[in-house]
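Novice: This is the structure, below, for whatever I ask next.
The values are calculated or read from the model by the stated rules, or taken from the named source; none is laboratory data. Owing to the predicted nature of the structure, the values given are computational and were not obtained by experimental measurement. No Cβ is skipped: glycine too gets one built from the backbone with ideal geometry, and neighbour counts run over all protein chains shown.
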Amino acid sequence: MPWHTSGKFAFSPINVSSKKPYRGINTVCLWAAAQAKGYERGEWATYQQWQDKGAQVRKGEKATTVVFWKFANNAAETEDSDESPKSGSRLLFTRGYSVFNAAQVDGYAPKAEADMPMPERVERAEMFFQTIGANVQHGGNRAYYAPDSDYIQMPPFQVFVENVAYYSTLAHEHSHWTAQASRCDRQLGKRFGDNSYAAEELIAELGAAFTCAHLGLTTEPREDHAQYINSWLKVLKADKRAIFTAASKAQQATDFMIQRAGQNVCPAEVAA
């Protein structure tokens, strides 16, 4: 979705007030809403936040819901996070917010953004993956991660139709790479049982989308998407919370890679 460009968080939906990107499941929800409604910018805010900016949500506009999980040791102590909850003894609260896109308001003039030429984006992506330091081998016509030998296999760069397709695929396989115990320790068997393979593929694809968003690269459907769709749907239909878990673990994988590359991970927002 090349229209999702907001400052340095290219292709990621951001909160217009805090300037922080939404994360996890909220990224997925806002991407989907923007695609469905044709919004050209990735800036979102609550009704009050738009008013604070001197803008007015137009009458009749429909809001999009984002969700924040609130953790607390007691009812008086809370901490907001827009990722799905992890197990623990603390109290858990869920808070939903209604947000509107910049295309739904009047009186807001976004600042012009300097566009980064594609060669610079590709150079940035190349440096990003090199700095992560995974063992990446090239050759053949298959892309995969081999967990037993801990290496990523990629076809040669020149066989990809577009540069971005190479880095999107590389991001997918790097997301698989993060599953090792020494990295994100992603164990899905207990959570998803027989559907763990399909869940891991869904996490890797979301992780690739999040990573490409961080790098300012437009992601395109992979040729092997069709064979995974049925298995993804099976997981999502069997477990309504699966998408929350997948998005959270994909965000964790992306954060790990960003930190490994020596870049800053933007913390979750305190409020919508």
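Novice: Check ALA10 against each of (1) out of contact with any Pro (no Cβ under 9 Å at 6 or more places or on another chain); (2) surrounded by 19 or more Cβ atoms within 10 Å (Cβ to Cβ); (3) modelled with pLDDT of 85 or more; (4) within 29 Å of ALA242 (Cα to Cα) and name the one condition it does not meet.
Specialist: Going through the list (1) out of contact with any Pro (no Cβ under 9 Å at 6 or more places or on another chain); (2) surrounded by 19 or more Cβ atoms within 10 Å (Cβ to Cβ); (3) modelled with pLDDT of 85 or more; (4) within 29 Å of ALA242 (Cα to Cα), ALA10 breaks only (3).
Novice: Sticking with this structure for a sec: Among all residue pairs at least 6 apart or on different chains, which show Cβ distances below 8 Å where the first residue, located in segment 207-221, is closer than 23 Å to THR245 by Cβ and small (Gly, Ala, Ser) and the second is part of a loop (DSSP other than H, G, I, E, B) and at pLDDT 90 or above?
Specialist: GLY207/THR178
Novice: For residues in segment 32-50 being within 17 Å of TYR97 (Cα to Cα) and modelled with pLDDT under 90, which is surrounded by the most Cβ atoms within 10 Å (Cβ to Cβ)? Steps first, answer last, please.
Specialist: Looking only at segment 32-50, we keep the residues that are within 17 Å of TYR97 (Cα to Cα), and these are 32-34, 42-50.
Applying the additional criterion that residues be modelled with pLDDT under 90 yields 32, 34, 42.
Numbers: ALA32: 12, ALA34: 21, GLY42: 27.
Here the residue is GLY42.
Residues checked against (1) assigned by TED's automatic domain parsing to the domain that holds THR245; (2) of a type outside the set (S, T, N, Q); (3) at pLDDT 75 or above; (4) not in a loop (DSSP other than H, G, I, E, B):
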| site | (1), (2), (3), (4) |
| --- | --- |
| THR65 | no, no, yes, yes |
| ASN73 | no, no, no, yes |
| PRO85 | no, yes, no, no |
| GLN130 | yes, no, yes, yes |
| ARG142 | yes, yes, yes, no |
| TYR145 | yes, yes, yes, yes |
| ASP148 | yes, yes, yes, no |
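Novice: Kindly provide the set of residues from segment 123-143 that are under 30 Å from VAL66 (Cβ atoms) and surrounded by fewer than 17 Cβ atoms within 10 Å (Cβ to Cβ), ordered by number.
Specialist: Selection gives ARG124 alone.
Novice: Looking only at segment 87-108, which residues are assigned to a loop (DSSP other than H, G, I, E, B) and modelled with pLDDT under 90? Let's see the steps before the verdict.
Specialist: Within segment 87-108, the first condition is being assigned to a loop (DSSP other than H, G, I, E, B), and the residues that meet it are 87-90, 107-108.
Matches in segment 87-108: SER87, GLY88, SER89, ARG90.
Novice: Follow-up question, since we're still on this one. Could you please give the count of residues in segment 102-122 that are under 20 Å from VAL161 (Cα atoms) and surrounded by 12 or more Cβ atoms within 10 Å (Cβ to Cβ)? Steps first, answer last, please.
Specialist: Here is the first cut: in segment 102-122, the ones under 20 Å from VAL161 (Cα atoms) are 117-122.
Keeping just the survivors that are surrounded by 12 or more Cβ atoms within 10 Å (Cβ to Cβ) gives 118, 121-122.
Here the count works out to 3.
Novice: List the residue pairs whose Cβ atoms are under 8 Å apart, where the first residue sits in segment 111-134 and is under 18 Å from SER175 (Cβ atoms) and among the charged types (D, E, K, R), the second is at pLDDT 85 or above and in a helix (DSSP H, G or I), and the two are 6 or more positions apart or on different chains.
Specialist: GLU126/TYR167
Novice: Just a yes or no: is a residue in segment 140-148 free of Cβ contacts under 8 Å to residues at least 24 places away in the same chain, at positive phi and out of contact with any His (no Cβ under 9 Å at 6 or more places or on another chain)? First the steps, then the outcome.
Specialist: Going residue by residue through segment 140-148, those that are free of Cβ contacts under 8 Å to residues at least 24 places away in the same chain are 140-142, 146, 148.
Still in the list and also at positive phi: 140.
Subsequent filtering for residues that are out of contact with any His (no Cβ under 9 Å at 6 or more places or on another chain) retains 140.
Within segment 140-148, one or more residues are free of Cβ contacts under 8 Å to residues at least 24 places away in the same chain, at positive phi and out of contact with any His (no Cβ under 9 Å at 6 or more places or on another chain).
Novice: Still on this model: Looking at (1) part of a helix (DSSP H, G or I); (2) modelled with pLDDT of 90 or more; (3) surrounded by 21 or more Cβ atoms within 10 Å (Cβ to Cβ), which one does ALA213 not meet, given that it meets all the others?
Specialist: (2)
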